[in-house]
Amino acid sequence: MISSQPTNPCVHVCCTYIAMKIKGKCNVGSLKGKRVLITGSTGFVGANLVRMALKNGAEIHAIIRKTADKWRLKGVLKDIESYDIDLLDYRNLESAIKSVNPDIIYHTATYGGRSNQRDTNRIINTNLIGTINLINACKEADFDLFVNTGSSSEYGVKSGPMQENDRLEPINDYGISKSAATLYCQATAKNEELPIVTLRLFSPYGNLEDATRLMPSIILACLRGESPRISSPKFVRDFIYIDDVLDAYANLTDAPQVSGNIFNIGYGKQCTVGEVANKIIELTGNEVKLETGIAQRWPNEPEKWEANISKASDYLGWKPKYNLEKGLVASISWFKQNIKLYK
């Protein structure tokens, strides 16, 4: 079921930052042989980044909370070096950063993106204080790139496509904490000449996404011959396939110097939850009936939730390759092959 609040429907995740210490072109180039530190590696976006970086020959170091469920890392845990550290434990975090001395940091750890994650103190501590701690711990590292994951929830409700220079008007604790983290990173990048850039993700979907999220819940129901259920068919989001998100990360390695910038990463076109559900039913070919709640818009539920992605295109040379149907076809295929992970 979709959340009643317009938080980003992606799992565990919501904010990305990049740090580049050189002028002109970033010298990261290939990930091969690079020491890559990843937070939130057990989450949806983080686990996909782990696999992408491993595929490209990187040496992976992952900060993982002791209580984290590692199911997304099944099959690759043996290939990474993991550290049981909380981002709020600054002393041990700083020690680990010094030990790893990472070339690249992908910061995807987050809390509050799900409707059942409502602990305000934990939201603020994880998303803001955790980000501050990580950046401060990395300041002495001679890194090439820092990536911390941002969220479209920072914008709040808008009447048109969201642009990076829009006024931030978040309507919940999650959006507030992510906005504060974004502003802190941007200010640090400018004031201390640290190469930090933001990728503001909209609604990623695809491989390894949590079963309770919109796309997987509908796909899995259809594959099992069950009737999928959604709250309201009128909710809108800008859905972006995970491979396109990974491409955005990859493009940053060859981007011009963009320290302190923020980039929207979405498809650039919104669609309704009802359209998504019906398209999945069509593509799976199963004769199931969509069950919906009352067709309504809840308080603060936007009529427009769409990214303006022209800045990412102009600066990074990035454009999504997957439209909704192509992304859903790829997702359905992956879930068919990996349905045992969701039993």
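Bear in mind that the values in this text are calculations on the coordinates, not laboratory data. None of these values were measured; they are calculated from a predicted model. Virtual Cβ from ideal backbone geometry, glycine too; neighbours counted across all protein chains shown.
Where nothing but the Cβ of Lys and Arg (+1) and of Asp and Glu (-1) is charged, how large is the charge dipole of the chain around its Cα centre, in debye to the nearest 20?
With Lys and Arg at +1 and Asp and Glu at -1, about 540 debye.
In whole Å and largest first, what semi-axes does the C-alpha gyration tensor of the chain yield when each eigenvalue is scaled by 5 and square-rooted?
So the three semi-axes of the chain are 31, 22, 19 Å.
I need the calculated FRET efficiency for the pair THR292 and ILE339, taking r as the beta carbon distance and R₀ as 30 Å, to the nearest 0.05.
0.80
Counting alpha carbon pairs within less than 8 Å and at least 6 residues apart, what relative contact order, in whole percent, applies to the chain? Let's see the in-between values first.
Numbers: 803 pairs, mean separation 77.1, N = 343.
This gives 22 percent for the chain.
Is the stretch 116-155 rounded, prolate or oblate when judged by the Cα gyration tensor, a ≥ b ≥ c being the square roots of its eigenvalues, rounded requiring a/c under 1.5 and prolate requiring a/b larger than b/c?
oblate
Would you please state the base-10 log of I(q)/I(0) at q = 0.16, 0.18, 0.26, 0.27 1/Å for the stretch 246-313, with intensities from the Debye formula using one equal scatterer on every alpha carbon?
Result of the Debye calculation: -0.80, -0.87, -1.17, -1.22.
Within the chain, what percent of beta bridges assigned by DSSP are antiparallel, to the nearest 5?
That works out to approximately 20 percent antiparallel.
Please compute the contact order of the stretch 199-343 in relative form: average sequence separation of alpha-carbon pairs under 8 Å and at least six residues apart, divided by the residue count, as a percent.
The normalised contact order for the stretch 199-343 reaches 36 percent.
Please build a GNM for the chain, connecting alpha carbons under 10 Å apart, and tell me which residue among THR42, THR110, THR212 fluctuates the most.
Highest fluctuation among the options: THR212.
Among the aspartates and glutamates, select those whose C-alpha is under 12 Å from the C-alpha of LYS190, and discard any that sit fewer than 8 residues away in the same chain.
Correct list for LYS190: empty, as no aspartates and glutamates qualify.
Short version: what are the Cα gyration tensor semi-axes of the stretch 160-302, square root of 5 times each eigenvalue, largest first, in whole Å?
34, 18, 12
Figure the gain on full extension for ASP254 and LEU54 (residue separation times 0.36 nm, minus the Cα-Cα span) and round it to one decimal in nm.
Additional length available on full extension: 70.1 nm.
Mind listing the long-range amide H neighbours of PHE263? Cut-off is under 5 Å, sequence gap 5 or more, other chains count too, H placed in the peptide plane at 1.01 Å from N.
THR198, LEU199, ARG200
Given charges of +1 on the Cβ of Lys and Arg and -1 on the Cβ of Asp and Glu, with all other atoms neutral, how large is the dipole of the stretch 15-169 about its Cα centre, in debye to the nearest 20?
Charge dipole, the stretch 15-169, about its Cα centre: 380 debye, nearest 20.
Which far-off residues, 5 or more places away or on another chain, put their amide H under 5 Å from the one on VAL147, with H placed in the peptide plane?
Amide H to amide H, under 5 Å and 5 or more residues apart or across chains, VAL147 pairs with TYR17, ALA19, ILE105, TYR106, HIS107.
Pick from GLU94, GLU192, GLU169: which is most flexible by mean-square fluctuation in a GNM of the chain where alpha carbon atoms under 10 Å apart are linked?
GLU192
Under 15 Å from the 7 Å Cα→Cβ point of SER30, by amide nitrogen: which residues of the stretch 48-77?
Correct set: 53-59.
Can you tell me the Rg and the Dmax, both Å, for the Cα atoms in the stretch 158-217?
Gyration radius and largest Cα-Cα distance of the stretch 158-217: 14.9, 44 Å.
Identify, among LEU246, ASN286, ILE332, the residue whose Cα sits farthest towards the positive end of the charge dipole of the chain, taking +1 on the Cβ of Lys and Arg and -1 on the Cβ of Asp and Glu, with the dipole about the Cα centre.
Working it through, the farthest residue towards the positive pole turns out to be ASN286.
For the stretch 206-216, take each phi angle, set θ = phi - 60°, evaluate the Karplus expression 6.51 cos²θ - 1.76 cosθ + 1.60, and give the result in whole Hz per residue in order, putting x for glycine and proline.
Going residue by residue, I get x, 3, 6, 6, 5, 4, 7, 6, 4, 4, x Hz, with x marking Gly and Pro.
With a/c under 1.5 counting as rounded, go ahead and sort the stretch 76-185 into rounded, prolate or oblate using the C-alpha gyration tensor (a ≥ b ≥ c being the square roots of the eigenvalues; past the cut-off, prolate if a/b is larger than b/c, else oblate).
prolate
Considering the options TYR83, SER217, LEU31, tell which one lies farthest towards the positive end of the dipole of the chain, charges being +1 on Lys and Arg and -1 on Asp and Glu at the Cβ, about the Cα centre.
Toward the positive end, the furthest listed residue is SER217.
Picking from ASN127, ASN308, ASN191, which is most flexible by a Gaussian network model of the chain using Cα springs under 10 Å?
The residue that fluctuates most here is ASN191.
How big is Rg to Rh over the stretch 140-181, alpha-carbon atoms, Rh as the Kirkwood inverse-mean-distance radius?
Rounded to two decimals, Rg/Rh equals 1.12.
Would you kindly calculate the mean projected area, averaged across all directions, of the convex hull enclosing the Cα atoms of the stretch 219-343, in square nanometres? Numbers along the way, then the final one.
Details: hull surface 37.7 nm².
If I average the Cα hull's projected area over directions, I get 9.4 nm².
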